[in-house]
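Structure record follows, encoded as structure tokens.
The values are calculated or read from the model by the stated rules, or taken from the named source; none is laboratory data. Every value quoted in this text rests on a predicted model; they were computed, and no experiment measured them. Cβ sites come from the backbone with ideal geometry, for glycine too, and all protein chains shown count toward neighbours.
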Amino acid sequence: MEFNFSKSRHPLPVVVGMCGHGLAISRALHAEGLSVIGLSSNLGEPGARTNSANIHYYEDLTGKGLISALLDLRNKINSPVNPILLLSNDRMVRTLAEHGDQ
């Protein structure tokens, strides 16, 4: 499922990591009528094939791979407003804290 985000005036929710936690977040937001972007590095994880999010696969969502994936996604979504990042684990939070200047 592909979405056109270029005309959205609202921040887009981006769920990073579609494990059970990410899937729950995605389903809750989708149930409220929001278009959700999900990032996955494992197509076998619970949310990687959900219909509650537009899934983007990236081989690496750890360390600098996470930063690269987020920068790539930012270019792909072509939204006039910055997305809201919803991170599914503490390592991702730490990575963004360490590399937030990018």
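Taken over the range 46-88, the criterion of being among the acidic types (Asp, Glu) and in contact with a Leu (Cβ under 8 Å, 6 or more places away or on another chain) is satisfied by 60 alone. Scanning the range 56-72 for residues that are closer than 14 Å to residue 86 by Cα and touching a Ser or Thr at 6+ places or on another chain (Cβ under 6 Å) returns 61, 66. Note on the range 35-59: residues that are modelled with pLDDT under 95 and farther than 15 Å from residue 23 by Cβ total 1.
Annotation note: of 43, 29, the sole residue that is farther than 20 Å from residue 100 by Cα and in contact with a Pro (Cβ under 7 Å, 6 or more places away or on another chain) is 29.
Here's the yes/no breakdown for (1) over 16 Å from residue 11 (Cβ atoms); (2) surrounded by fewer than 13 Cβ atoms within 10 Å (Cβ to Cβ); (3) within 13 Å of the chain's Cα centre (by Cα):
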{"residue": "40", "(1), (2), (3)": "yes, no, yes"}
{"residue": "46", "(1), (2), (3)": "yes, no, no"}
{"residue": "59", "(1), (2), (3)": "yes, yes, no"}
{"residue": "65", "(1), (2), (3)": "yes, no, no"}
{"residue": "69", "(1), (2), (3)": "yes, no, yes"}
{"residue": "79", "(1), (2), (3)": "no, no, no"}
{"residue": "82", "(1), (2), (3)": "no, yes, yes"}
{"residue": "87", "(1), (2), (3)": "no, no, yes"}
